[in-house]
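To keep things clear, I will list the structure first and then write my remarks on it.
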Amino acid sequence: MIDEQVLEKLEFPKVLKQVLKYAITDIGKNIVANLKPLNDLKLISNEGNFVTEAKDVLNISGHPPIDFIPDLNQPLSESKIEGAILSSTKVLEILKLAKTSRLLLQFLKQELKSDSLLHNKLYDLISDKLLEHKIEKVINEQGEVKENASTTLASIKKEINSKRNELVKSINRIIKNLKDDDIVREDYLTLRDGRMVIPIKAEHKRHIRGFIHSESSTGQTVYIEPEETLDLNNDIISLSFAERREIERILREVTKMIGEVSNDLKKSLQVIGYIDSIFARAKYSNEIIGSFPNVD
């Protein structure tokens with residue numbers, strides 16, 4: 001192993017910093033950042049040939065379809081736990097991992113020769129369009145559970161929207177009546193603890209029956225939930241709990257599905273990171289017009 005001081009004198013860390021600029025994934029960046037000179041002839045030859053093959057691909061077809069992917073080892077491990085629930089944003093990142101794996105596999109199969117050393121790395125890349133399709137059915141591009149992810153969720157969403165529209169109409173009607181008597185502070189409704197309330201001038205708080213949720217910092221405004229809208233607000237809160245439970249059920253199902261192929265996804269994550277690091281080195285080599293030397 002070469003001494004760290006020797007590496008510093010050779011400005012090896014500075015070289016790695018330049019190569020690091022071309023790495024895209026978290027795993028790829030980590031591999032590049034931890035590279036050290038090798039002393040095994042076979043490993044040296046293999047790594048050099050990997051980079052040379054990657055340069056050929058870059059020069060003929062451009063960069064492979066690799067996008068940013070974070071280190072997903074932790075959520076992939078969690079997905080195997082019975083009853084685990086991954087967040088919708090993590091599920092979206094895992095979907096991106098699966099897509100990248102499939103597209104990278106297609107690209108390199110087409111671009112690499114059958115006797116290519118890099119070709120051997122492709123066997124650990126997952127290609128599962130069914131998994132992608134099932135995730136895309138329930139998660140949108142913003143990483144949120146779709147409103148129509150299940151018939152139950154769609155029904156709950158529809159009822160919530162209907163109740164909210166009814167509630168807004170009721171509150172606006174109350175505001176209009178109170179505005180004529182100069183009781184409301186502002187001509188708008190607001191939310192307190194997830195419930196729609198009306199801002200009332202503090203001196204008139206006795207003029208409206210309802211529940212006081214809070215006061216403004218100045219004490220000049222109180223936020224009151226009118227008595228006649230209590231039931232509607234309660235219905236919406238209850239439906240929101242049902243919505244949350246259904247979203248959790250959907251995410252639990254998706255998490256279980258991911259857990260069933262978690263090991264394959266982990267392998268793909270590592271291979272994508274490694275290939276990313278190879279192409280980062282290849283790009284740097286092209287930048288400095290470098291070539292791999294003969295090794296004896």
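The values are calculated or read from the model by the stated rules, or taken from the named source; none is laboratory data. Values in this document were obtained by computation on a predicted structure and should not be read as measured data. Quick reminder, even Gly has a Cβ in these numbers, built from the backbone with ideal geometry, and neighbours come from all protein chains shown. Remember, those area values only see protein heavy atoms, side chains included, never the ligands or the DNA or RNA. Shrake-Rupley method; radii C 1.70, N 1.55, O 1.52, S 1.80 Å.
For the chain, report the accessible area per residue in Å² (1.4 Å probe, heavy atoms, rounded to an integer). Present the calculation step by step, with values, prior to reporting the outcome.
On the way: 17280 Å² over 296 residues.
That works out to 58 Å² per residue.
What size of dipole, in debye to the nearest 20, comes out for the chain about its Cα centre when the only charges are +1 on Lys and Arg C-beta atoms and -1 on Asp and Glu C-beta atoms? Numbers along the way, then the final one.
Numbers: 44 positive and 47 negative charges, 70 e Å.
The dipole magnitude comes to about 340 debye.
Were the residues from Glu228 through Asp115 laid out at 0.36 nm apart, the gain over their Cα-Cα distance would be 33.0 nm. If r is the Cβ-Cβ distance from Glu215 to Glu144 and R0 is 35 Å, what FRET efficiency results, to the nearest 0.05? Efficiency, rounded to the nearest 0.05: 0.55. Charge tally around Gly259: other residues with Cβ under 14 Å, Lys/Arg +1 each, Asp/Glu -1 each, net 0. Our coupling estimate for the range 239-252, obtained by passing each phi through the Karplus curve with A = 6.51, B = -1.76, C = 1.60 and θ = phi - 60°, is 5, 5, 5, 4, 4, 5, 5, 5, 4, 4, 4, 5, 5, 5 Hz, Gly and Pro reported as x.
When the alpha carbon gyration tensor of the range 190-296 is reduced to an equivalent ellipsoid, its three semi-axes come out at 62, 24, 7 angstrom, largest first.
If R0 equals 45 Å, the separation of the Cβ atoms of Asp3 and Glu136 corresponds to a calculated FRET efficiency of about 0.30.
With a cut-off of 19 Å on the backbone N, the residues of the range 78-118 near the modelled label site 7 Å out from Asp67 along Cα-Cβ are 87-108.
With all protein chains present, how much of the accessible area of the chain (probe radius 1.4 Å) comes from carbon and sulfur, to the nearest whole percent? Solvent-exposed carbon and sulfur of the chain make up 48 percent of the total.
Just to compare against my own numbers: the Cα pair-distance distribution for the range 94-157, 10 Å bins, whole % per bin, please. Histogram of Cα-Cα distances, whole percents per bin: 20, 35, 22, 14, 7, 1. Ordering Leu72, Leu95, Gly83 by the projection of their Cα atoms onto the charge dipole of the range 1-148, which places +1 on the Cβ of Lys and Arg and -1 on the Cβ of Asp and Glu, puts Leu95 at the extreme positive end. In this simple spin-label approximation, Ala84 and Asn177 carry label points 7 Å from Cα along the Cα→Cβ vector, and these lie 5.5 nm apart. Taking amide H as placed 1.01 Å from N in the peptide plane, Gly210 has its amide H under 5 Å from the amide H of Glu227, each at least 5 places away in sequence or on another chain. Between the helical axis of 88-111 and the dominant principal axis of the chain, each derived from Cα atoms, what acute angle in degrees is found, rounded to the nearest 10? Taking the Cα atoms of the chain, the angle to 88-111 is about 30 degrees. With Cα atoms as the point set, the chain shows a radius of gyration and Dmax of 29.3, 95 Å. Comparing Cα centroids, the range 141-175 and the range 26-102 end up 40 angstrom apart.
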